[in-house]
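Everything on this sheet refers to the single structure shown next.
The values are calculated or read from the model by the stated rules, or taken from the named source; none is laboratory data. Because the structure is a prediction, the values reported are computed rather than measured. Neighbour counts run over all protein chains shown; Cβ positions are idealised from the backbone, glycine included. Only protein heavy atoms, including side chains, enter the accessible area calculation; ligands, DNA and RNA are left aside. Shrake-Rupley method; radii C 1.70, N 1.55, O 1.52, S 1.80 Å.
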There are 2 protein chains.
Amino acid sequence: MAPGESDVFIPGEFAPHRPIFHIGYHNSERNAPPTDIQYGNLLNQGFNFVTTPLTNDHFRERVFRLVQDHLAILKDSGDDGSSNFTTPGADPILPPLTPQDTSVFPSAAVNTYTGYISPWIDPCSPNRIISSISRQVLNLEINYANFCGIRSLILPGPTRDASKDGGIQGLAQYSRAVQEALTIGSRLTFLVHMPMYREPLAGLEVRTLSSVLGATPPREAGKEIDLYTAWDSWNHIRSVCDYDMRLFVALRIPKVMPEMALQNRWFAEPLHYLTIGPESFQFNKPGYPSLSKHHQNMIFTYMRLKNTPWLLLSDLGSDGQGTSEQPDTKSHDQFPSLAEAGDKVVKRSASTNDYLSYVRWLEMQQTPLPALESNTLTSFQDWLQSPLQPLADNLESATYEVFEGDPVKYNQYEAACIEALSEWKELGKPTSKEGVVVIAVAGSGRGPLVTRALTAAEFTGVPVEVWAVEKNPNAYVYLLRQNEAIWGGRVKVVKTDMRAWKGPVLSESPETGPVYGKVDILISELLGSFADNELSPECLDGIQHVMAKPHGISIPSSYTAHLSPIATPKLYADILSRYPTESTAFDTPWVVRLFAIDFVSQRVPGHEQIQQAWEFVHPIPESTLKGIEARRSGGVVGGGGGSMAGAAGANDHNSRFCHLTFVCRTRGVVHGLAGYFESTLYESQLASAKGQKVEISTHPERIDDKSKDMISWFPIFFPLKQPLYFPADSELEVSMWRQTDDTKVWYEWLVEAWMWVGESNRIKVGSSALCTSRKVACLM
Amino acid sequence: MAPGESDVFIPGEFAPHRPIFHIGYHNSERNAPPTDIQYGNLLNQGFNFVTTPLTNDHFRERVFRLVQDHLAILKDSGDDGSSNFTTPGADPILPPLTPQDTSVFPSAAVNTYTGYISPWIDPCSPNRIISSISRQVLNLEINYANFCGIRSLILPGPTRDASKDGGIQGLAQYSRAVQEALTIGSRLTFLVHMPMYREPLAGLEVRTLSSVLGATPPREAGKEIDLYTAWDSWNHIRSVCDYDMRLFVALRIPKVMPEMALQNRWFAEPLHYLTIGPESFQFNKPGYPSLSKHHQNMIFTYMRLKNTPWLLLSDLGSDGQGTSEQPDTKSHDQFPSLAEAGDKVVKRSASTNDYLSYVRWLEMQQTPLPALESNTLTSFQDWLQSPLQPLADNLESATYEVFEGDPVKYNQYEAACIEALSEWKELGKPTSKEGVVVIAVAGSGRGPLVTRALTAAEFTGVPVEVWAVEKNPNAYVYLLRQNEAIWGGRVKVVKTDMRAWKGPVLSESPETGPVYGKVDILISELLGSFADNELSPECLDGIQHVMAKPHGISIPSSYTAHLSPIATPKLYADILSRYPTESTAFDTPWVVRLFAIDFVSQRVPGHEQIQQAWEFVHPIPESTLKGIEARRSGGVVGGGGGSMAGAAGANDHNSRFCHLTFVCRTRGVVHGLAGYFESTLYESQLASAKGQKVEISTHPERIDDKSKDMISWFPIFFPLKQPLYFPADSELEVSMWRQTDDTKVWYEWLVEAWMWVGESNRIKVGSSALCTSRKVACLM
């Protein structure tokens, strides 16, 4: 830590902090909500919430009978209900709920329950009678739950995926039913219960309404599992429901953990519950349950989410050994005492309390959050911020304070200054003022870089003259005070837009006016999340005329922008919910601490996962600088020979284009592009350290190497207007532009999906619209 | 024609009418616009318009030199311009236009010219210098054309398709340049010059800017032609330009006509010009040019469009024998006299006048428009109308008049009545009133069906009692007058909503009040473009209680709705231009005379091109009718056991769902679903004619069989919010719902694209949003 930096952000000031587990109790055999005493016991035991069924066996039996009777009548008329072309016979009508059908009634406790929709309904059924009655039961239960004051409902997931016979139709029906559920329970939260993947021969089959049609075909064993069908179904449901913010996933943890790619996929989804059943546990000799390392790691990872998922322990304990095959043959009048159950310790039949204790123990096994992931930073997860307009607006002191609170960044700047000044000393480079290296900090703000430049000069023993150039009149006042109080009057402070600065004043006389010199080292911190998005190139072009030729240098000397297509359903939902009230929501490159995201592409030979879009180097060649001047003053016929409407093209040399190809192994959906940057602050010219660079980076694969723990920049997110679906073995072709006319800068981006069919045939499967931030362009 | 029908629409009243050809003159070797005298000659000769270049050889040579010089400089610095990561060297700047660069200046004539952008630019080039200069030239020429008063510009099409190396990037650059062109020329019309398909070894290569890089690789011969790459490119361009209504196609007619599927594809696009060059012509012995039958048929078909495409004769005539390989080596100071050229008749070197004469002759060879395609009907092509709300609104007389103006429909109704009454006579069926068949016309309007029923009774000699039931108080007045004036007081007119009608009054006494009888034949004309979309099922359910049991019949007795996915870029553009001002534009099932459309699916075994969605049959079973009553009065817990939020489900028996699979051979894009209907008015029960049906149909494949020339209904169009692209060998999975709560009816539709990869593997490639007309639902 450099001297004089006592007021910057110091990591590690917070006490160790671990995410808190919110644990729920679910018993699929329950026929009624817990009594008040039972509920109290559960809470005392350490549970945070419980589920309740909404109707009971009595109701279910009535519905099964209704469907059976109706199918029998239809059969007589030669209709088995499988045709979509409804004959005009009346489909069965669900009779109203009676007090015998439910044990749920309004009460103080019921408000805190999570309702579980009857798992025996089957809205996916290709049989129209069954799907119709299933929808009616669903609607009735939602309505009744809503009336009773329940706030969250778990919906049993779809019974079919699209790859099965009738699956597309079934899923369409299911998704549509969920959409209607959101309308009926217009203030409720809905969780669709999905497995992480569809396990073959998964036990715990529920006897759904479809069982009245006869034995359901056994699941195909032996066939290779398609790991992504469950995610496919979820993607279908939430797409039909237009990414409703009240729709969540209750994710069933599998017996065997799947590949990381699938775990990452779900990580990005709106997870609300993780449900764990007995099949996921293993047991030690005394019969105590535990989870595998893979399960533990997955839970630890998911718990890093800002909205930590809730854990729902399902059928865990001796009173809930899975669902029996025929739950209706058992009596459930008595809710088993948990205290009783807790006494027995039988191998593979641990008590509820054993499971709960294990999960609470797991809670304590979490690595404490690093200081950087403290509460403050965590709250920035996936939180959309509009980018700054540093040229057009004057920043507030608090904003500067946030920027200055990152020692990593300023340490790197100081290191770059030391490196550069060492060269002046060791190589005897010329200076623009006899015996003194002239340094200017362009856009000094409140002066942190001035401080670092002075420190570097002291460290290297090189005599310097430091100029602080700042356009913000308020920051200017602060700089003057700092100069008096901290810098000992050594700094020359100038209030001007850097592009209008004529350079350091060498001498001044009443006759000739001021004589301007040049700058040897120009230091600036104008980079944005995507490197050039806060107009660093334009600003540095504008001040380049003060740089000494040919030896003057810029810190930073170059910077690059980097891209990767990502799935980020939560951000998409967030942006969609702002639109169209916020008409530019989809046009804005958002600054956001990307967290619940999934990189949809893989690194393969020749294609990185995150790829470089373009680069800027400073200073630019003199000929280019002259060209700018010519365009600005010359003008062309018809108002512009530039690339853009009405522009003379004075800034065309700062336009960029890139075309990048990203390789995707699995199918998925892309919601936009994540953007990062890297910058070489200074590259050493010394023989001893030739090519050694002082760098900063937000590139996820490189930040730890180059500027570990640097928090000054969050990534940038370029959204697509519509999620773009792509099949397995696809390539995403990304075209991106940095566009500019004479007054502003903006970005445009276009994503196309191409799929490999065979070895040599690649075909187009979809495309985004051409997206543009022109409406929210950065003003020069 | 039935008696008493003299005031109905009579086809054939119009004089034969053929589409008029609008013919233009284009010479790609021109270096300047025609002089006033030349222009006058062209107009006198029979041309309607001419093209002009915007700049000349002088300008082109300057630009070529600029690029060459710049590339040479770059080469020295090791940069050949192929990298996207622009080194900060300045790219070349296009100097302003000088009077030596152009011969176009503002004048009265110039306003009428179509400008032709320099065909030597190459915005697709992967070389950033060439693409940058090309964009600058494009922008400069647009700006200058705009200044001079030109209103239409032809843009040379992209030089690369996406399948070529660098093609995706090149096309992205090209499309983006066109988007900017639309911004720069904000009141201009732009035509992208596209070939119908990319012919291998197509001659007439233009020497573009890219030629400065060295010889361009020859087009691959032998390789199988992909017929759809040109359309792909166009689809890319207009998608990036968001279906701008000022963007059109100038379609180059090929030497050899392609398959009909491709011709149909282009038929649906916004064609503005058809350009014909010498390669498309064949020559007879004396050397006169003509077009093949295939060419002629294509032109005849395209000319049926409401906006008939303009024909641009390109390089036709001895003064324009194609473009020479090096146009800059020839001098074009003198515009060749057309009169001169017309004198020469050389084989394969016909004069401009020969070509023009041939095309004018072709104009007269067109089959005159059928009377039904008269000016009036043509103007309805692809014109979006909001569907009627016949239950909620009272129709105006003029609307009735339009409906009544279709003899085909009423002839079929009369035939159905005759058939039904014959049965009463021959089978001795019971009647609800002694010796008299009671007929009610539900929703009589101004009485056309009453007239037909009376005619049928006279024809069959069956005694009838006719009731006219009408809710519209204004139409009621007219009915009373008709009864006096035309029907001789034979008709009993009742003013009431049919659903509230108690039935024909048998007798009435002061003590007992009226005694109501029943109806034997219930006639109605409540069908909409999609059969049930104007609530025919709901209305007929509501009046069914007056029908005699069990022998009472409904005319129509059943009806079916039919669907097909279509490409209709013009309608999509139209709807998009209304949105979001018209917030429900994409939610509305539009009634529209679909014309410039392309059916994207094919008929294959097991899958029709147009498929049935569902059916309604009348009367509905008594048990269903009782069910409705029960639901309406009974009510259920929580406000609804129906399928929909808040509904008791009283109309659930009229909800429908279908899932249909359409097979697409070639890749394409779907913009929505076309809807049609069929109805069986009556199916004979007579032994002699058992199963014989009187039908009406708007199904394109069946209308001619069932109700030829019926014009009462236009099809319906269910739009998608986003065009859905699909690859070759795809299947479109369409889910469609007729949804209903207790007060209204609406539709929902969802289209998913699945592609076959190999024999047994079908994968999802894309999906539409779930679309719904709930916001513009039909009120019951």
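Only a single item in (1) in contact with a strand residue (DSSP E or B) (Cβ under 9 Å, 6 or more places away or on another chain); (2) in a loop (DSSP other than H, G, I, E, B); (3) over 21 Å from A:Gly443 (Cβ atoms) is not met by A:Ser507, and it is number (2). Of all residues in the stretch B:149-170, those satisfying the criterion of being modelled with pLDDT of 95 or more and either within 23 Å of B:Asp91 (Cα to Cα) or in contact with a Leu (Cβ under 8 Å, 6 or more places away or on another chain) (or both) are B:Ile150, B:Arg151, B:Ser152, B:Leu153, B:Ile154, B:Leu155. Against the conditions (1) part of a helix (DSSP H, G or I); (2) open to solvent by 60 Å² or more (accessible area, probe 1.4 Å); (3) within 19 Å of B:Gln685 (Cβ to Cβ), B:Glu458 satisfies every one except (3).
Does B:Ile543 meet the test of being in contact with a strand residue (DSSP E or B) (Cβ under 8 Å, 6 or more places away or on another chain) and either more than 14 Å from every other protein chain (Cβ to nearest Cβ) or part of a loop (DSSP other than H, G, I, E, B) (or both)? So B:Ile543 passes the test. Of the residues screened, B:Val745 is one that is open to solvent by less than 20 Å² (accessible area, probe 1.4 Å), more than 10 Å from chain A (Cβ to nearest Cβ) and either within 22 Å of B:Val669 (Cβ to Cβ) or not in a loop (DSSP other than H, G, I, E, B) (or both).
Please count how many residues of the stretch A:339-383 are on the phi < 0 side of the Ramachandran plot, modelled with pLDDT under 65 and not in a helix (DSSP H, G or I). Full working, then the answer.
Here is the first cut: in the stretch A:339-383, the residues on the phi < 0 side of the Ramachandran plot are A:339-347, A:349-381, A:383.
Okay, now just the ones that are also modelled with pLDDT under 65, so A:339-347, A:374-375.
Checking which are not in a helix (DSSP H, G or I) leaves us with A:344-347, A:374.
Here the count works out to 5.
Residues of the stretch B:643-655 that are more than 7 Å from chain A (Cβ to nearest Cβ) and either at pLDDT below 75 or outside any helix (DSSP H, G or I) (or both): B:Gly646, B:Ala647, B:Ala648, B:Ala650, B:Asn651, B:Ser655. The sole residue among A:Gly489, A:Gly443, A:Gly447, A:Gly503 that is in the same structural domain as A:Leu535 (by TED's automatic domain parsing), open to solvent by less than 30 Å² (accessible area, probe 1.4 Å) and more than 42 Å from the chain's Cα centre (by Cα) is A:Gly503.
Name the single residue that is farthest from the other protein chains (Cβ to nearest Cβ) among those in the stretch A:242-256 being open to solvent by 10 Å² or more (accessible area, probe 1.4 Å) and in a loop (DSSP other than H, G, I, E, B).
Step one: of the stretch A:242-256, the residues open to solvent by 10 Å² or more (accessible area, probe 1.4 Å) are A:242-246, A:248, A:252, A:255-256.
From the residues that got through so far, the ones that are in a loop (DSSP other than H, G, I, E, B) too are A:242-246, A:255-256.
Details: A:Asp242: 7, A:Tyr243: 11, A:Asp244: 12, A:Met245: 17, A:Arg246: 14, A:Lys255: 27, A:Val256: 25 Å.
So, considering only residues that are open to solvent by 10 Å² or more (accessible area, probe 1.4 Å) and in a loop (DSSP other than H, G, I, E, B), the one farthest from the other protein chains (Cβ to nearest Cβ) is A:Lys255.
Every residue, every condition in (1) touching a residue at least 40 places away in the same chain (Cβ under 8 Å); (2) open to solvent by 50 Å² or more (accessible area, probe 1.4 Å); (3) closer than 21 Å to A:Val50 by Cα, yes or no:
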residue	(1), (2), (3)
A:Pro258	yes, no, no
A:Asn264	yes, yes, no
A:His272	yes, no, yes
A:Phe281	yes, no, yes
A:Met298	yes, no, no
A:Asn307	no, yes, yes
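Comparison of B:Leu770, B:Leu720, B:Leu724 shows that the only residue that is buried (at least 19 other Cβ atoms within 10 Å of the Cβ) and free of Cβ contacts under 8 Å to residues at least 24 places away in the same chain is B:Leu770.
Tally the residues that are basic (Lys, Arg) and open to solvent by less than 10 Å² (accessible area, probe 1.4 Å), restricting the search to the stretch A:118-157.
Going residue by residue through the stretch A:118-157, those that are basic (Lys, Arg) are A:128, A:135, A:151.
Right, trim to open to solvent by less than 10 Å² (accessible area, probe 1.4 Å) and you get none.
Of the residues in that region, 0 qualify.
Do we find that A:Thr581 is surrounded by fewer than 23 Cβ atoms within 10 Å (Cβ to Cβ), of a type in the set (Ser, Thr, Tyr) and in contact with a Ser or Thr (Cβ under 8 Å, 6 or more places away or on another chain) in this structure?
Working: surrounded by fewer than 23 Cβ atoms within 10 Å (Cβ to Cβ): yes; of a type in the set (Ser, Thr, Tyr): yes; in contact with a Ser or Thr (Cβ under 8 Å, 6 or more places away or on another chain): no.
Judged against the criteria, A:Thr581 is not a match.
One residue stands out in the stretch B:744-776 among those that are under 24 Å from the mean Cα position of the chain (by Cα) and of a type in the set (Gly, Ala, Ser): the one that is nearest to B:Val600 (Cα to Cα), namely B:Ala753.
Might you check whether a residue that is modelled with pLDDT under 95, outside any loop (DSSP other than H, G, I, E, B) and acidic (Asp, Glu) occurs anywhere in the stretch B:477-493? No, because not a single residue in the stretch B:477-493 is modelled with pLDDT under 95, outside any loop (DSSP other than H, G, I, E, B) and acidic (Asp, Glu).
Among the conditions (1) open to solvent by 10 Å² or more (accessible area, probe 1.4 Å); (2) more than 28 Å from B:His659 (Cβ to Cβ); (3) not in a helix (DSSP H, G or I), B:Ala596 misses just one, which is (1). Out of A:Glu752, A:Glu683, A:Glu701, A:Glu731, one residue alone is at pLDDT 95 or above and touching a helix residue (DSSP H, G or I) at 6+ places or on another chain (Cβ under 9 Å). It is A:Glu752.
Matching residues to (1) part of a strand (DSSP E or B); (2) of a type outside the set (A, V, I, L, M, F, W, C); (3) touching a strand residue (DSSP E or B) at 6+ places or on another chain (Cβ under 8 Å):
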position	(1), (2), (3)
A:Glu701	no, yes, no
A:Phe718	yes, no, yes
A:Lys721	yes, yes, yes
A:Glu752	yes, yes, yes
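Filtered by the rule that a residue be over 21 Å from A:Ala453 (Cα atoms), in contact (Cβ under 8 Å) with a residue 24 or more places away in the chain and assigned to a loop (DSSP other than H, G, I, E, B), the stretch A:663-694 gives A:Arg665, A:Thr666, A:Arg667. Checking each residue in the stretch A:168-200 for being within 14 Å of chain B (Cβ to nearest Cβ) and of a type in the set (Ser, Thr, Tyr) picks out A:Tyr174, A:Ser175, A:Thr183, A:Ser186. If you go through the stretch B:573-593 and pick out every residue that is assigned to a loop (DSSP other than H, G, I, E, B) and not hydrophobic (A, V, I, L, M, F, W, C), you end up with 9.
Within the stretch A:618-635, being facing chain B (nearest Cβ under 7 Å) and β-branched (Val, Ile, Thr) holds for A:Ile620, A:Thr624. Of all residues in the stretch A:599-610, exactly one satisfies the criterion of being buried (at least 18 other Cβ atoms within 10 Å of the Cβ) and either assigned to a strand (DSSP E or B) or outside the structural domain of A:Ser564 (by TED's automatic domain parsing) (or both), namely A:Phe599. Among the residues of the stretch B:604-617, the ones that are farther than 13 Å from B:Leu563 by Cα and away from chain A (no Cβ under 14 Å) come to 3 in all.
For the stretch B:561-571, does any single residue satisfy the condition of being at pLDDT 95 or above, open to solvent by 10 Å² or more (accessible area, probe 1.4 Å) and of a type outside the set (Lys, Arg)? No, the stretch B:561-571 contains no residue that is at pLDDT 95 or above, open to solvent by 10 Å² or more (accessible area, probe 1.4 Å) and of a type outside the set (Lys, Arg).
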